[in-house]
Every structure is written in C-alpha cells, then in structure tokens.
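What follows draws every value from the coordinates through simple rules; no lab data is involved. Not measured: the values here are computed from a predicted model. Positions of Cβ are backbone-derived with ideal geometry, glycine not excepted, and every protein chain shown enters the neighbour counts.
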Amino acid sequence: MFDLPPGVPEQFDEHVRLHADLLALAFKADITRVATLLGARDLTNRVYSFPKSPLFPEGGTSPSFHGASHHQDDPAQIKRYAQINRYHVSTLAYLAQKLRSIPEGDGTLLDHSLILYGTNMGNSNQHQHYDVPHVLVGGAGGQLRGNRHLKYDRKTVPTGNLLLSILDMYGVHKDVQGDSTGRLAKL
C-alpha cells in the first residue's frame, strides 16, 4: 500500500471532485480544450463508502470494483456492481453541473464542450467488448442534440464508430479508428 502524497484527499469523492474542479478551471481559462479523467482503473480493488442516501438507501461499503465486475450473473452481485457504477455516474453529473454553471459566450461551458463517459466492456463478467455503454453530455458547440437515448442493434456497432463520429464533430476526419466499421447513424 502506497502513502498518499501530501494534499491528496483520502476520500475518492473529494479526490474526483477536485479533479473535476481543475478540469472546469482549465477549460474556463482556456488552458486546454481536451482532457481525460480516469475515474477508476478496470483492475482496481478500490472500495467505496456510501452514506445512506436516496441514491444509496443501504449505505455501507462496496465490494472492490474489479471483483464486483465479475458478478457471475448473480442478481445480488449485479446490484452491488450497479451501485458502484451509479456512484461513478454521479461524479459525471458533478462535472457536467460544474461546466453548466460557467457562462461562456452565448451559452455555458457545457454547451460548448463534450464529455464522453463510458467503460471498456459491455459485460465485464464475460470480458465482452461489444455493446459498450457510453454517454455523451454537452452540446459540442451545437454539434450534438441532447435529451436522447440512441440504441443500436446488439453486437453490430464497435466503439470505434462512436469515436469516428466524435472526431467528425471537431473537423478531424479519419477513415478508420480502431475496429470501426463506419460512422454512427442518428448521432
């Protein structure tokens, strides 16, 4: 076990919010327009403390992220894994709200940004790399229409197609990205 460097919050929640605050500040100051924030490594053994709340009615401590991802299709274990993922999505909501609170030009920083949030597996219990869920948040400077849920036929659309479509939004035109087979329809 490594000691945390001085000043690094012990609680993950404080740590990830600090990173989101720094990202928002960097965007607001126009220091950068591209950033990556890794909320959790796939193989992490991190556990999370959840206080009782409407989001986490049972409260308590979660199992490790990696261990929970191998839920063996057991409904009780899937529920625990879903709780961790729900928590991770709540950190996305914090970043989105932070960007939405910052005026920029004719809108907000969120209107002019795009957050790609996702995971690397569709079913981590079986290490399946198809049907990978992703969320796009923000307006991408008018390039993306929100308040939609897009569903594609199972096992037909690789993540590379999403990445190609996002690159197009920013004027970066490539023929292939990873295992892509084309652009996303309806995006």
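State the three equivalent ellipsoid semi-axes of the stretch 60-114, derived from the C-alpha gyration tensor as the square roots of 5 times its eigenvalues, in descending order and whole Å.
So the equivalent ellipsoid measures 35, 10, 7 Å along its semi-axes.
Using a simple charge model, +1 on the beta-carbon of Lys and Arg, -1 on the beta-carbon of Asp and Glu, nothing else, what dipole does the chain show about its Cα centre, in debye to the nearest 20?
It comes to approximately 460 debye.
Between Val34 and Asp175, what is the label-to-label distance in nm when each label sits 7 Å out along the Cα-to-Cβ direction?
Placing both labels 7 Å beyond Cα along the Cβ direction yields 2.2 nm.
Equivalent-ellipsoid semi-axes (√(5λ), Cα gyration tensor) for the stretch 12-109, whole Å, largest first?
Ellipsoid half-lengths, sorted descending, are 31, 14, 11 Å.
Mind listing the long-range amide H neighbours of Phe50? Cut-off is under 5 Å, sequence gap 5 or more, other chains count too, H placed in the peptide plane at 1.01 Å from N.
Gly60, Thr61, Ser62
Strictly greater than 17 Å: what percent of every Cα pair in the stretch 33-89 meets that?
38
Using only the Cα atoms of the stretch 130-187, build the gyration tensor, take square roots of its eigenvalues as a ≥ b ≥ c, and label the shape rounded, prolate or oblate: rounded if a/c is under 1.5, else prolate if a/b is larger than b/c, else oblate.
Oblate, because a/c is 1.5 or more while a/b does not exceed b/c.
As an exercise, take the mean of 1/r over every pair of distinct alpha carbons in the stretch 94-153, invert it, and state the Kirkwood radius in angstroms.
Kirkwood radius, the stretch 94-153: 13.0 Å.
Given (1) 12.3; (2) 21.5; (3) 12.8, which label gives mean projected area of the Cα convex hull in nm² as computed from the coordinates?
So the structure-derived entry is (3).
Would you be so kind as to identify which of Gly39, Pro63, His149 lies farthest towards the positive end of the dipole of the chain, taking Lys and Arg as +1 and Asp and Glu as -1 on Cβ and the Cα centre as origin?
Selected residue: His149.
Using Cα centres only, tell me the gap between the stretch 127-187 and the stretch 13-53 in whole Å.
23
Roughly how many nanometres apart are two label points built 7 Å out from the Cα toward the Cβ at Arg148 and Asn85?
Distance between the two pseudo-spin positions: 2.3 nm.
Which listed residue (Val89, Ile102, Gln77) has the Cα farthest towards the positive end of the charge dipole for the stretch 12-109, taking +1 on Lys and Arg C-beta and -1 on Asp and Glu C-beta about the Cα centre?
Most positive-ward Cα: Gln77.
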